[in-house]
Amino acid sequence: MTFVKNPILKGFNPDPSIIRVEDDYYIATSTFEWFPGVQIHHSKDLVNWKLISRPLNRISQLDMKGAPDSCGVWAPCLSYDNGVFYLVYSNVKSFSGKWKDTPNFLVTTTDISGDWSEPIFLDASGFDGSLFHDNNGSKWYTSLLVDHRKGKMFGGIILQEYSETLKKLIGPKHHIFEGSDLGLTEGPHIYQKDGYYYLITAEGGTEYGHAATIARSKSLIGPYEISPNGPLLTCRNEPNYYLQKSGHADLVQTKAGEWIIVFLTGRPLTPLGKCILGRETSIESIYWPEGEWPTLGSGSCIPRVEVPLDTSVEPGIEEVNEVYTFDAESLDIEFQSLRVPVSEDWLSLSKSKGKLCLYGRQSLNSTHEQSLIARRIQSYKMTASTSLQFNPESFQQMAGLVCYYNTSHYHYLNVSRNEAGQLCVQLTSHDLFEQSEALAEPLILDIEEGANIYLKVEMNGADLKFFYALEADKWFAIGEVLDATIISDDHVRDGGPSYMPAFTGAFVGLCCQDLEGHNRPAYFDYFTYKEDEFQFPSSIKKNLSCEISV
């Protein structure tokens with residue numbers, strides 16, 4: 001027996017979809033406006049997971065230029081049938097106002113780590129699309145229906161047959177499920193077991209009321225009966241529990257015949273507080289006797305922090321490199337860009353040997369052409385640093401180290417020029433459409449042209465602290481302690497306009513801007529990212545007890 005610690009995929013890995021192919025498990029998660037689209041992790045043992053692929057790596061598959069924050073790739077569904085991998089995904093174009101633009105596509109491959117096909121358009125009636133492979137050989141597409149009438153949006157779950165020959169949806173569209181009393185029904189997946197079709201859905205909204213519910217029917221098109229046991233999975237009634245926002249789930253059967261559920265969670269710093277790391281992926285066992293309703297292995301609807309699984313553990317996967325050098329032909333897989341792919345016209349690993357060259361483009365507030373690469377923050381205690389050479393010509397050119405959530409929420413330590421033409425370091429924060437300078441005056445740098453400038457950030461819970469140095473490891477603090485919670489879903493939703501979606505997570509990375517439009521380059525020698533264990537406050541409970549209600 002092995003104990004698996006939750007979450008299994010830390011830091012902005014939401015909406016998990018899981019499959020097993022022989023001895024291999026794969027989980028696909030949402031990436032929203034980050035490119036390439038969809039993260040696929042692989043495991044042999046359900047314990048150790050490794051990021052192996054981002055399949056949507058061409059503009060022809062995923063065109064997100066100009067997409068609003070937290071749009072782009074939503075809730076991918078990964079499935080497998082007869083030697084072929086299938087991936088359904090939404091590429092959300094707009095989500096503000098009464099109407100939503102949510103086209104859904106399908107790509108396929110026979111090699112999950114290789115190239116995927118050009119996309120097949122499916123439907124734009126909703127989002128969270130899923131492909132179900134019936135035992136009789138037919139294939140069915142199911143998704144949420146967006147209903148803009150009377151402001152309700154969540155219009156239930158729809159189903160339509162997919163023709164692999166014609167490569168399109170065919171036949172009537174069936175409205176198969178309205179949802180439970182929790183409402184906000186989305187994220188459907190269908191399974192066959194013991195003569196029933198089982199339908200799992202995410203409900204209650206992807207915040208602290210989130211849940212996964214289960215229904216079943218003898219007929220694929222319904223009617224579906226909701227489990228009398230209530231939600232299969234939820235923490236909505238336990239505000240002090242470690243794993244919050246639990247919902248949006250998917251099921252898989254192990255080779256030994258056991259059932260497993262993976263699901264979305266968040267880890268707040270305080271009860272019902274901010275989940276800076278974003279929505280993550282956790283795991284639980286499922287108890288599912290023949291002909292009966294499934295229940296969690298915990299014995300309640302509350303998932304455990306440490307889950308006993310009957311699995312043979314593989315040797316541990318190597319930790320992510322803490323020091324990223326730029327002497328390879330491509331970036332490490334942990335890095336992503338915003339909305340558009342990396343290309344030589346804005347990012348070069350060959351311009352100066354052993355260095356990353358970023359050509360300055362648009363501001364951090366742009367949804368079109370940002371010169372930014374970043375990786376997920378996956379621990380509440382982390383340190384990131386870099387060294388750069390940058391010779392800006394004006395105050396409109398800057399480059400440096402950023403802690404980023406979206407175009408309106410970030411902390412940015414950067415090198416620029418002041419109006420007198422002096423090289424300087426400045427610390428800029430952007431929160432809810434308001435930009436502020438954390439320094440009363442930029443810090444003037446008296447150094448030779450081309451000299452190294454070192455930048456560092458330390459995160460400890462909700463606290464962010466920046467540093468600079470002119471010699472390696474001789475750090476000086478700059479500015480006050482900043483609020484890390486502004487780079488969280490919760491902060492954006494709580495303080496922003498009601499129409500603003502916020503579904504991603506915190507990133508740390510490198511960027512360069514040239515607001516004059518001359519593409520002034522900055523050269524980075526390395527990027528380091530180091531995690532330490534963070535101690536959650538005692539108000540957050542990590543174990544099930546009699547105090548937890550069901």
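The values are calculated or read from the model by the stated rules, or taken from the named source; none is laboratory data. For clarity, every value in this text was computed on a predicted model and none was experimentally measured. Positions of Cβ are backbone-derived with ideal geometry, glycine not excepted, and every protein chain shown enters the neighbour counts. With ligands, DNA and RNA removed, areas are computed over all heavy atoms of the protein, side chains included. Shrake-Rupley method; radii C 1.70, N 1.55, O 1.52, S 1.80 Å.
Data overview
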| quantity | calculated |
| --- | --- |
| Mean shadow area of the chain over all directions, Cα convex hull, nm² | 25.0 |
| Percent accessible area from carbon and sulfur atoms, the range 196-350, protein chains only, probe 1.4 Å | 47 |
| Sites Glu419 and Ser60, calculated FRET efficiency, Cβ-Cβ separation with R0 41 Å, nearest 0.05 | 0.35 |
| Tail beyond 14 Å, pair distance distribution of the range 1-51 (Cα, percent) | 52 |
| Carbon plus sulfur fraction of accessible area for the range 33-147, probe 1.4 Å, in percent | 50 |
| Calculated on alpha-carbon atoms, Rg and Dmax of the range 119-212 in Å | 13.8, 43 |
| Neighbour cut-off at most 15 other Cβ (10 Å), DSSP loop, GluC sites (Glu not before Pro), the range 254-303 | Glu290, Glu292 |
| Theoretical gain in end-to-end length, Lys351 to Ser96 [0.36 nm per residue, Cα-Cα removed] | 87.7 nm |
| Additional length obtainable on full extension of the chain from Leu272 to Ser117, 0.36 nm per residue less Cα span | 51.6 nm |
| Where chymotrypsin sites (Phe, Trp or Tyr not before Pro) in DSSP loops with at most 11 other Cβ within 10 Å are excluded, longest remaining stretch of the chain | 100-498 |
| 1.4 Å probe accessible area per residue over the chain, in Å² | 39 |
| Dimensionless Rg over Rh [the range 203-347; C-alpha; Kirkwood] | 1.08 |
| Alpha-carbon Rg/Rh ratio, for the range 252-309, with Rh computed the Kirkwood way | 1.06 |
| Förster radius 25 Å - calculated FRET efficiency between Asp332 and Tyr80, Cβ distance, rounded to 0.05 | 0.35 |
| Accessible surface of the range 417-550, 1.4 Å probe, proportion on carbon and sulfur as whole % | 47 |
| Pairs from Lys10/Lys167; Lys50/Lys355; Lys44/Lys65; Lys353/Lys456; Lys274/Lys456 whose Cα-Cα separation, in the structure shown, is over 30 Å | Lys10/Lys167; Lys44/Lys65 |
| Debye-sum result for the range 383-481 in log10 I(q)/I(0), which assumes one identical scatterer on each alpha carbon, at q = 0.14, 0.20 Å⁻¹ | -0.50, -1.02 |
